[in-house]
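K.L.:
Got a structure here, written out as structure tokens. Questions coming.
The values are calculated or read from the model by the stated rules, or taken from the named source; none is laboratory data. Here the structure is a predicted model, which is why all the values come from computation and not from measurement. FYI the Cβ positions are ideal-geometry reconstructions off the backbone, even for glycines, and counts take in every protein chain you see. To get the accessible areas, we keep the full protein, side chains included, count just its heavy atoms, and leave off ligands, DNA and RNA. Shrake-Rupley method; radii C 1.70, N 1.55, O 1.52, S 1.80 Å.
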Amino acid sequence: MSFDSLSLRCSLRNIFRQKARSGMTLASIVFGVVGLIVSGGFVEDVFVQLREATIHSRFGHLQIYKEGFYANGVKEPYNYLIPAPEAVKTAVAAVPGVLDSMMRINFFGLLNNGKTDLPILGEGVEAGKEAKLGSHLFLIAGRQLADQDANGILLGEGVARSMGVGVGSYVTILTNTPEGALNSLEFQVVGIFRTYAKDFDDRAVRVAVGAAQDLLGVKGAHAVVVSLDDALSTDRVAAALKKSLGVRGFEVKTWFELDDFYAKTVELYQVQLGVLQFTILVVVLLSVANSVNMTAYERVGEFGTLKALGTRSWQISLLIVLENALLGLIGASLGVVLGVVLALGLSAIGIPMPPPPNSNVGYTAYIRIVPSVLALSFIIGFLATVLSSLLPARGVARIPVVDALRQNV
């Protein structure tokens, strides 16, 4: 029988012989791995829900502008109108993965209720298409803007509250035309909406794109908003559109380029998750090391006997490391299984969450099962156990045979 097969058999027997210590070690590994899976799945859910809210309440998956609009459009909006948005939409529709496209026109103005004025950010939209895209634009009163609402208006929750108006109220928008003249149109409130971004809700209104063009006295649109069948194909579709439209004087921006809040949130949570993973690694390492150290030094007499029978020091070290590698393998595997079960259980119930920063909307969190998180959690649990056995293995193996045998007396 080779030493390798003998070591494996001895390691398995020693694991089950030291039931109490093995149980403590396994518990440390399992709880560490479960903690990593739950925390990683929770953070992933934050990313997914914030991504979906960003896409389906404000930006869509992609937006196409006339070149230069993203940098200078706020200062000179009428210099960057797309004169023929329908042609752009036709080009977009030819790209695989595109679900729909719609034009928007942006404007600034004053909203008046007959008593007071409020500066607003207006969007002229294709109402029917925007209603399909805006699954995370929640109506708290009234209904969605429809294609036939030539003089209907949707108000952000903060706008409606500040103006003291509700569904059915009449309001007037006053704005400047490209020539500098003042123009105004009266609208009837058909709905009040809320998104994940409180700042947006405090100043945003939506009207039909035709009404916005009449109000401003212009043709065309500022942007073509693109909806995809899968958010994960955003980069691929963006690259294809940049290649086909870039030569025609257009620029393409993805939803994560347009929303700085998302990028900063992801960066913050990734740093926090990294710190948590490192902390759990250290905790598991120390917990397992303590248990391994005690177990190893209790068995000094046994190792002395093995050395007296001809077993070499490095073989003793290998035996201890192999025992703990098996413990790590079993503990990490159990941790992954229990972590998945706990994630499924918590997701079935849902975790009520308070409103995040810059929002007044709470949400229900879930624990997502992410293959990369499962793999990383398993590796951390396994490596922490193996690493914690290296020093005890080296220390015990270096004890002289005579001193080790005295422990049997």
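K.L.:
Since PHE107 meets every condition but one in (1) open to solvent by 30 Å² or more (accessible area, probe 1.4 Å); (2) in contact with a strand residue (DSSP E or B) (Cβ under 9 Å, 6 or more places away or on another chain), which condition does it not meet?
P.N.:
Only one criterion in (1) open to solvent by 30 Å² or more (accessible area, probe 1.4 Å); (2) in contact with a strand residue (DSSP E or B) (Cβ under 9 Å, 6 or more places away or on another chain) is unmet by PHE107, namely (1).
K.L.:
Now for a separate question. Looking only at the stretch 65-72, decide whether some residue is free of Cβ contacts under 8 Å to residues at least 60 places away in the same chain and either over 30 Å from THR364 (Cα atoms) or among the acidic types (Asp, Glu) (or both).
P.N.:
yes
K.L.:
Right, something else. Considering every residue within the stretch 108-125, establish whether at least one is over 20 Å from VAL207 (Cα atoms) and among the small types (Gly, Ala, Ser).
P.N.:
No - not one qualifying residue is present in the stretch 108-125.
K.L.:
What residue, of LEU273, LEU319, is under 23 Å from the mean Cα position of the chain (by Cα) and modelled with pLDDT under 85?
P.N.:
Working: LEU319 fails: under 23 Å from the mean Cα position of the chain (by Cα).
After applying the criteria, what remains is LEU273.
K.L.:
In addition: Can you tell me which residue in the stretch 154-168 is nearest to PHE200 (Cα to Cα), limited to those that are surrounded by 21 or more Cβ atoms within 10 Å (Cβ to Cβ) and not hydrophobic (A, V, I, L, M, F, W, C)?
P.N.:
GLY156
K.L.:
Let me ask another. Of ALA204, ALA238, which residue is at pLDDT 90 or above, open to solvent by less than 10 Å² (accessible area, probe 1.4 Å), more than 22 Å from GLY158 (Cβ to Cβ) and in contact with a strand residue (DSSP E or B) (Cβ under 8 Å, 6 or more places away or on another chain)? Reasoning before the result, please.
P.N.:
Numbers: ALA204 fails: more than 22 Å from GLY158 (Cβ to Cβ).
Only one candidate qualifies: ALA238.
K.L.:
Somewhere in the stretch 349-369, is a residue in a helix (DSSP H, G or I) and either at pLDDT below 90 or open to solvent by 60 Å² or more (accessible area, probe 1.4 Å) (or both)?
P.N.:
Taking the stretch 349-369 and keeping what is in a helix (DSSP H, G or I), we get 349.
After this cut, where a residue has to be either at pLDDT below 90 or open to solvent by 60 Å² or more (accessible area, probe 1.4 Å) (or both) as well, the list is 349.
Yes, the stretch 349-369 has at least one match.
K.L.:
Another one. Within the stretch 157-196, how many residues turn out to be in contact with a Ser or Thr (Cβ under 7 Å, 6 or more places away or on another chain) and among the acidic types (Asp, Glu)?
P.N.:
Of the residues in that region, 1 qualify.
K.L.:
Could I ask something else about it? Looking only at the stretch 241-286, how many residues end up being surrounded by 16 or more Cβ atoms within 10 Å (Cβ to Cβ) and polar (S, T, N, Q)?
P.N.:
3
K.L.:
Another question, then. If you check GLN63, GLN49, which single one turns out to be out of contact with any helix residue (DSSP H, G or I) (no Cβ under 9 Å at 6 or more places or on another chain), farther than 26 Å from SER389 by Cα and at pLDDT 85 or above?
P.N.:
Numbers: GLN63 fails: out of contact with any helix residue (DSSP H, G or I) (no Cβ under 9 Å at 6 or more places or on another chain).
The match here is GLN49.
K.L.:
Right, another one. So, in the stretch 123-143, how many residues would count as being hydroxyl-bearing (Ser, Thr, Tyr) and in contact with a strand residue (DSSP E or B) (Cβ under 8 Å, 6 or more places away or on another chain)?
P.N.:
The initial filter retains those residues of the stretch 123-143 that are hydroxyl-bearing (Ser, Thr, Tyr), namely 135.
Filter once more, keeping what is in contact with a strand residue (DSSP E or B) (Cβ under 8 Å, 6 or more places away or on another chain): none.
Within the stretch 123-143, residues that are hydroxyl-bearing (Ser, Thr, Tyr) and in contact with a strand residue (DSSP E or B) (Cβ under 8 Å, 6 or more places away or on another chain) number 0.
K.L.:
Now for a different question. Is it the case that the stretch 107-128 has a residue that's acidic (Asp, Glu), in contact (Cβ under 8 Å) with a residue 60 or more places away in the chain and part of a helix (DSSP H, G or I)?
P.N.:
Here is the first cut: in the stretch 107-128, the residues acidic (Asp, Glu) are 117, 123, 126.
Adding the requirement that they be in contact (Cβ under 8 Å) with a residue 60 or more places away in the chain leaves 123, 126.
Next, only the ones that are part of a helix (DSSP H, G or I) stay: none.
No - not one qualifying residue is present in the stretch 107-128.
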